[in-house]
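To keep things clear, I will list the structure first and then write my remarks on it.
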Amino acid sequence: MSARDDGTPAGGPPADGTPAAGGTAAHGTPAGGTTVAGPEASGRPAGVRYVLVHRPGRLLLTVWPWRALGYLLTGGVLGIGWLFLAVALITAGVLLLPAAGIGAVALLCVPVTAVGLAALERRRLRWMDPREAPSPHRAEFAPPVPQGTRWRALRRLWRRATSPATWLEFGFALLNALLALVDLTVAVLGLALVVSQPYALIAVAGGERVTYWEVVVLTEVGQVLPWLLLTPVFAVLAAYVWTAVAGARAALARALLVEPRRERELDARLTEVTASRARLADAFEVERRRIERDLHDGAQQRLTGLIMTLGLARLDADPALVAKAQDEARAVLDELRDLVHGLHPSVLTDRGLGAAVQSLAERSPVPVTADIRLGAARPAEAVEVAAYFAVSEALTNVARHSGASRATVTAGREAGLLWLEVRDDGHGGADPSRGTGLTGLADRLAVHGGRVRLSSPDGGPTVLRMELPWA
């Protein structure tokens with residue numbers, strides 16, 4: 001079982017469960033476990049920001065200062081190198097502009113060079129931040145160009161040069177060229193503070209004269225020793241300054257060069273909703289066929305038999321046949337009532353979710369205790385129906401798969417959410433990937449923006465928590 005970084009679900013009493021993002025069950029999630037938080041607990045390596053904020057005292061025991069130094073030095077070299085390349089292309093473009101468009105191509109290449117720099121920066125970003133760093137560029141459909149490969153290349157160059165992501169990367173490249181001087185200054189000055197004292201000691205011992213900032217003149221070893229004792233202080237100061245500056249530069253690079261997290265989440269949610277909609281369409285078709293089969297094999301056959309029995313009773317006036325016809329009529333009525341109840345129970349419409357869940361508990365083959373605390377208010381009709389059938393499916397799973405001797409259903413409202421929890425004392429080990437109906441249940445809730453959390457360690461108990469928007 002995994003957990004969100006914040007450790008607790010939104011709304012209602014916390015349940016140790018596996019969140020299913022986007023309202024789906026967590027496929028393949030190992031059952032059981034504990035709720036944990038933080039980068040290490042979630043399996044993600046901690047980045048430099050986490051170390052600076054939460055573990056500053058341990059910074060000197062890690063490789064982060066050396067990574068930061070390397071990040072600043074390489075960043076400074078790349079920034080200045082790109083600036084020289086951009087100036088060269090602009091100069092060539094201006095000089096060659098009259099020459100059959102060659103200058104225009106050179107000018108178009110200026111923002112495109114920022115794309116390569118940005119790709120390198122996203123790779124370097126992993127030195128300071130191990131999180132994924134996807135490119136903001138999207139694969140675009142390029143229609144066929146019949147004029148040949150040369151024009152195809154020019155067209156691709158034009159598309160890339162006019163892309164909004166390219167211009168954002170170009171802006172970063174300009175800013176990076178300016179900040180490259182800061183990177184190199186911080187890195188080199190820190191190194192100078194650390195290595196200058198041992199160098200001064202060696203130089204003075206060899207008879208040379210050492211001058212600091214044209215103010216401090218050292219000619220004897222005794223004059224160097226106080227400065228030498230400050231070397232550890234300078235080293236610690238340099239380590240923290242390197243790491244802080246490199247962390248800030250990495251944060252800037254992530255903000256400008258990495259696809260926004262919100263957009264990625266929306267893309268992932270759209271993918272999941274599309275898959276969920278396909279599964280729901282299949283489920284609806286299966287349900288339609290089940291209803292058709294139940295009517296054909298059940299009520300229709302019984303009605304046919306009832307008609308024949310009534311015909312015989314009419315000819316023979318046999319009381320036994322009349323009684324049999326009455327029994328058949330009652331059986332057909334009960335069967336139709338069960339079928340209609342499965343489509344939309346009248347108790348849900350008339351008395352609300354609490355009474356409907358209580359009705360489910362009374363009909364369950366496993367003893368169920370229901371504690372529904374919703375008050376007089378009722379959620380939106382579609383939410384109420386989805387919640388009812390979700391509880392019905394959950395209790396069916398308890399009866400079929402859990403081996404439980406009893407179960408409880410609780411529900412409440414908090415922070416704009418309707419939450420329901422089904423708990424049983426069975427053997428546990430529930431896994432959505434094994435086709436126990438949990439995926440379909442989660443899909444039903446996902447349509448309404450709901451989600452499912454499952455905790456089912458081997459040996460039990462199993463806790464299924466469902467959350468839906470109230471309105």
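No value in this document is a laboratory result; all are computed from the given coordinates. Note that the structure is a prediction, hence the values are computed from the model and not measured. We place every Cβ from the backbone using ideal geometry, glycine too, and count neighbours over all the protein chains shown.
Here the residues Leu189, Leu252, Leu69, ranked from fewest to most Cβ neighbours within 10 Å of their Cβ, fall in the order Leu189, Leu252, Leu69. By other beta-carbon atoms within 10 Å, ranking Glu328, Glu362 with the fewest at the front produces Glu362, Glu328. For Asp425, nonlocal amide neighbours, meaning residues 5 or more places apart or on other chains whose placed amide H falls under 5 Å from its own, are Ser405, Arg406.
Computed from backbone phi, the HN-Hα couplings of the range 372-388 come to 9, 10, 10, x, 7, 6, 10, x, 4, 4, 5, 5, 4, 5, 4, 5, 4 Hz, rounded to whole numbers (Karplus: 6.51 cos²θ - 1.76 cosθ + 1.60, θ = phi - 60°; Gly and Pro given as x).
Each label was represented as a point 7 Å from its Cα along the Cα-to-Cβ direction; for Thr74 and Arg131 these points are 2.1 nm apart. If R0 is taken as 30 Å, the Cβ-Cβ distance between Ala331 and Asp371 corresponds to a FRET efficiency of 0.30. The Leu96 and Leu230 beta-carbon pair, evaluated with R₀ = 45 Å, returns a calculated FRET efficiency of approximately 0.20.
Just to be sure I understand the curve: with the Debye formula and one point per C-alpha of the range 348-469, what is log10 I(q)/I(0) at q = 0.11, 0.16 Å⁻¹? Values, matching the q order: -0.32, -0.70. Under a 5 Å amide H cut-off, with hydrogens placed 1.01 Å from N, Trp470 pairs with Leu417, Leu418 among residues at least 5 apart or on other chains. Sorted fewest first by neighbouring Cβ atoms within 10 angstrom, Ile102, Ile307 come out as Ile307, Ile102.
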